[in-house]
Amino acid sequence: MIRKKIRFGDLLIKEGFITSQELNKALEKQKELKSKGIFKRLGEILIDLGFIEEKILLKTLSKQLGLETIDLYSEKMDYDLLTSFPITLIEENLVLPFKQDDNFIYIATSDPLNYDVFEMIERLVEKSSKIYIALSKDIFHVIENVKKYLKSKELIKKIREDLNETALLSSGAIDEFVDFILNDAIDKRCTDLHIEPQKFNFLIRGRIDGVLNELFSFDKDIYYPLVSKIKLLASLDISEKRKPQDGRFSKEYNGKSYDFRVSSAPVMHGESVVLRILDQEKILLKMDELGMSEYNLKRFEYLIKMPYGMVFVTGPTGSGKTTTLYAALNELKGPQKKIITVEDPVEYEIPLIQQIPVNYKIGLTFANVIKNILRQDPDIIMIGEVRDSDTLKTSTQAALTGHLVLATLHTNDAISTITRLIQMGAEPYMVGETLLGAIAQRLIRKICPYCKKIYKPEKEELEKIKKYIDGENLTFYMGSGCKYCNFTGYLGREMISEVLIITQEMANLIAEGKERSAVLNLAKSEGFVSMIDDAITKLKDGITTIEEILRVVKIDVI
């Protein structure tokens with residue numbers, strides 16, 4: 001192992017990543033910690049103080065030491081090799097001996113100056129090492145996978161033994177394996193679980209805070225019994241592999257009951273199976289728990305307390321529209337009001353509300369149900385989604401006859417609701433007469449409070465939001481990644497929204513067929529706050545990051 005002496009701080013100053021004052025502060029902090037018996041490398045302290053990002057630090061080390069950086073997500077990990085080393089050695093030193101050949105063992109690390117541990121690994125395998133630099137959060141992620149690999153390896157061994165001796169239905173190991181996967185998904189706060197067959201293996205990915213993450217990768221022989229078991233639980237036909245199927249089942253984990261909506265679809269190498277994980281406690285939120293700004297919340301409450309008319313909640317799939325509508329219904333329900341919902345499917349049961357699931361096989365469509373439920377004497381109607389002209393027509397008629405209609409619609413922003421309704425066949429004067437307002441929303445990831453730290457954004461990032469921050473001297477935060485947030489830097493999500501209220505003047509503009517820009521300018525003059533402005537407020541409050549805003553919101557929408 002060749003050791004290189006390096007004045008790392010001087011190099012960072014030379015490259016323009018930190019100032020001499022920031023270096024001195026970091027050195028003082030290092031000295032202070034050392035006096036308390038705590039040893040931290042200079043790079044760690046610079047990151048903790050928010051003076052530099054880890055990726056910049058590693059890029060600088062790579063240049064100085066002549067070491068290559070590596071993207072661990074694009075590398076095939078040799079888990080058998082990894083598990084041959086003590087897990088404490090890997091975890092405490094953040095080193096990954098991820099593969100080997102006849103001459104070398106290949107090691108990924110976030111601390112390329114940790115020569116002692118490299119030499120220890122070389123002695124253990126009696127080979128020279130090749131060192132690569134990787135982000136610590138990526139290394140942590142692989143270490144977590146190593147732990148799961150050890151557990152799953154034991155279960156897979158049981159499954160293979162069971163399948164040789166027993167039928168699928170009586171295989172206790174398969175049940176245990178399903179529980180292991182679902183438990184892991186729940187622990188990681190997954191809202192959806194994707195089981196995806198590849199040519200030689202299959203992946204299990206989970207959507208955490210709106211973003212897909214790989215959770216497992218297994219050999220293909222386990223895929224078939226796993227998928228068959230899930231289809232059996234969901235009362236699907238396990239012999240039917242050529243057509244999409246839908247079902248659901250319930251299971252209890254950690255003392256809580258969860259509903260799993262299952263969808264299977266034929267793909268190239270088998271069936272793609274997606275499970276939507278539904279937690280009754282999380283969906284039935286109160287209005288003030290949605291994460292909506294206080295200003296927008298008051299505007300939304302004003303809309304849903306109108307006696308009749310139409311209110312739309314808009315946004316893409318997975319933006320929390322149903323949760324918002326359920327919160328509104330929770331606010332409105334009571335013994336004096338008759339509330340009926342039409343949903344596809346009914347996701348959660350709400351007391352005091354009559355909920356009707358549509359069933360296309362028997363002709364029970366949104367439009368047909370709405371026509372009939374008007375005879376049920378409702379005060380408020382909630383429609384899961386207005387997706388065609390027939391549903392829109394019957395919904396409009398309900399609004400005109402003295403009912404409050406709440407519904408979801410797929411549009412990018414609140415103003416586009418007007419355009420979309422007209423495109424679906426509604427006359428402009430009818431939209432102006434029946435539409436009370438529209439809420440557009442997205443879910444934005446929040447910075448993990450356990451690893452939150454100050455950081456300096458790159459110039460390119462700041463340039464993209466320049467016009468929204470008015471040259472303010474802001475402090476920016478990010479999550480460095482830890483076990484609580486699955487090393488993503490984010491934990492949980494919060495709503496960003498915009499609430500459009502249709503005033504009489506605006507209704508006149510809509511009826512006259514005025515352009516979008518005219519309606520938008522009037523809305524702004526009447527207090528409309530755009531979704532990007534709401535997101536920037538979350539940024540200023542240290543709730544989220546520039547990176548997350550750019551991921552979720554189209555900056556040039558306004």
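Observations, loosely collected:
- Of LEU550, LEU539, LEU520, all but one fail to be more than 28 Å from GLU289 (Cβ to Cβ), in a helix (DSSP H, G or I) and hydrophobic (A, V, I, L, M, F, W, C); the exception is LEU520.
- The range 274-287 residues that are under 16 Å from LEU325 (Cα atoms) and at pLDDT 80 or above, paired with ones that are in a helix (DSSP H, G or I) and open to solvent by 20 Å² or more (accessible area, probe 1.4 Å) (beta carbon under 6 Å, 6 or more apart): MET287/GLU331
- Long-range neighbours under 6 Å by Cβ, at least six apart or interchain, first residue without any contact (Cβ under 8 Å) to a residue 12 or more places away in the chain within the range 320-348, second open to solvent by 10 Å² or more (accessible area, probe 1.4 Å): VAL346/GLN355; VAL346/PRO357
- Residue in the range 336-348 that is out of contact with any strand residue (DSSP E or B) (no Cβ under 9 Å at 6 or more places or on another chain), surrounded by fewer than 14 Cβ atoms within 10 Å (Cβ to Cβ) and within 27 Å of ASN368 (Cα to Cα) present: yes
- The residue list GLY320, GLY315 contains one member that is open to solvent by 10 Å² or more (accessible area, probe 1.4 Å), at pLDDT below 95, within 30 Å of ALA535 (Cβ to Cβ) and within 23 Å of the chain's Cα centre (by Cα), which is GLY320.
- Residue count for the range 398-436 under the criterion of being under 19 Å from SER497 (Cβ atoms) and hydrophobic (A, V, I, L, M, F, W, C): the result is 8.
- Screening LYS99, LYS40 for residues that are within 19 Å of ASP116 (Cβ to Cβ) and either open to solvent by 80 Å² or more (accessible area, probe 1.4 Å) or not in a helix (DSSP H, G or I) (or both) leaves exactly one candidate, LYS40.
- If the condition is being farther than 16 Å from TYR106 by Cα, at pLDDT 80 or above and open to solvent by 70 Å² or more (accessible area, probe 1.4 Å), then the range 64-75 contributes no residue at all.
- In the range 276-301, the residues that are in a loop (DSSP other than H, G, I, E, B) and either out of contact with any Phe, Trp or Tyr (no Cβ under 7 Å at 6 or more places or on another chain) or within 29 Å of ASP219 (Cα to Cα) (or both): LEU285, LYS286, LEU290, GLY291, SER293
- Matching option when the condition is at pLDDT below 90, on the phi < 0 side of the Ramachandran plot and either over 24 Å from the mean Cα position of the chain (by Cα) or assigned to a helix (DSSP H, G or I) (or both), among PRO378, PRO351: PRO351
- Segments classed as strands (runs of 3 or more DSSP E), wholly inside the range 193-275, with at least 1 members that are touching a Cys at 6+ places or on another chain (Cβ under 8 Å) and open to solvent by 40 Å² or more (accessible area, probe 1.4 Å): 201-208
The values are calculated or read from the model by the stated rules, or taken from the named source; none is laboratory data. These numbers were taken from a predicted model, which means no experiment stands behind them. Neighbour counts are summed over all protein chains in view; Cβ atoms, including those assigned to glycine, are modelled from backbone coordinates with ideal geometry. For the accessible areas, the whole protein counts, side chains as well, though only heavy atoms, and no ligand, DNA or RNA atoms are used. Shrake-Rupley method; radii C 1.70, N 1.55, O 1.52, S 1.80 Å.
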